[in-house]
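The values are calculated or read from the model by the stated rules, or taken from the named source; none is laboratory data. Here the structure is a predicted model, which is why all the values come from computation and not from measurement. All Cβ positions, even for glycine, are placed from backbone atoms using ideal geometry, and neighbour counts span all protein chains on display.
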Amino acid sequence: MIYLNYANLDLETQGRLLATSKKDIEHEFGKSIKAYAKKHFINYEQLLEEEALRNLYNYKYVFNI
């Protein structure tokens, strides 16, 4: 669960969430994503970014207002 202050959804917070998501995806699926990117000649960083954005929808957020 990720706790967020509703008043603090600035670019820095969004960047931190995306970085956390990237680390999660890289830790869990890094090898398979690298293999897929290499096989299909896709930029690994771009693919990781897309998967991290998709992963943000799987988090459970708690907003403190």
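Points worth noting:
- Residue satisfying all of: in segment 1-44; exposed (fewer than 10 other Cβ atoms within 10 Å of the Cβ) and among the acidic types (D, E); modelled with the highest pLDDT among these: E12
- Qualifying positions in segment 20-65 - touching a residue at least 24 places away in the same chain (Cβ under 8 Å) and not aliphatic (A, V, I, L, M): S21, K22, D24, E49, E51, N55, Y59, K60, Y61, F63, N64
- Residues satisfying the stated conditions in segment 41-62, i.e. closer than 17 Å to L17 by Cα and not in a helix (DSSP H, G or I): Y59, K60, Y61, V62
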